[in-house]
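A quick write-up on the structure given underneath.
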Amino acid sequence: MYGYAARYAPSTVIEARINALVGTDMLGRFLHVQHPTAKQAVITAIDLLGRAVISAAEIGISFPLQRRDQLLEYVLTLMGRDQSDDLVDFSIELLQTQTVALSACTTLVSIEPRLPMETRNRVMKATLGFFALPTEPSNIVESLITNLIILLGAILLTSGEDGRSRAEQLLHILRQLDPYVSASAEHQRRRGCVAVHEVLVKFRNLCSGGFGASGSYPTLSLKHIDQGGPRGSSSLPCMLEFFAWIVTAIV
């Protein structure tokens, strides 16, 4: 209800409505809910707050989302995973919650203020491990992996202010993806290769002016990531060094 109230409020009161919801820490009271449906509802409310900010910016009402980084922490908490997890829980309900959470993370990192390095590292550390998920249940896992790749693209697009900082961000993401590109499991290598490809395409488009203002990110549609054919993944470590050299030369 809170998210929809902000999302569909009149443009003249959007900022005040969002600040009222976030400033009172009303959403923080729901961090201890246990039922998956309740968790997804809170995450969706946070996502809608972020989307309301994006929609307001599109009609000329730009303002930063107060306590955006804290809202990201809320989403990661409700997602039920941090860097110490070993991916032993593959319940459908948890995977669905994590899929919704990744979408909310993408929304939040796509709005002002720009993502601080500490927050970026926290988000990536909490989510990159999903590349190691098993392939089943395939429909849910593929949606989750797709949302993760979209999130990485959003981080790339919104974390830098100039060519050099964006190039450094690209190299950081590529280094984090390298363990999956060179993993022994084929499905992890394939996911890593797809992620590298998508991130590089986004960087190319960013350099050529292919994206709009911060907060505008394309919708990625990846079908059958885990069932795709071989993509020459054994050559990716060398490719990463090659692209690193190119990026360094550009900036």
Extending each Cα 7 Å along its Cβ direction at residue 61 and residue 125, get the distance between those two points in nm, one decimal.
3.7
Protection proxy ranking of 63-70, 176-183 - average other beta-carbon atoms within 10 Å, highest first:
176-183, 63-70
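Values in this text are rule-based calculations from the coordinates and carry no lab data. As the structure is a prediction and not an experimental result, all values here were calculated from the model. In this analysis, Cβ positions are derived from the backbone assuming ideal geometry, glycine residues included, and neighbour counts consider all displayed protein chains.
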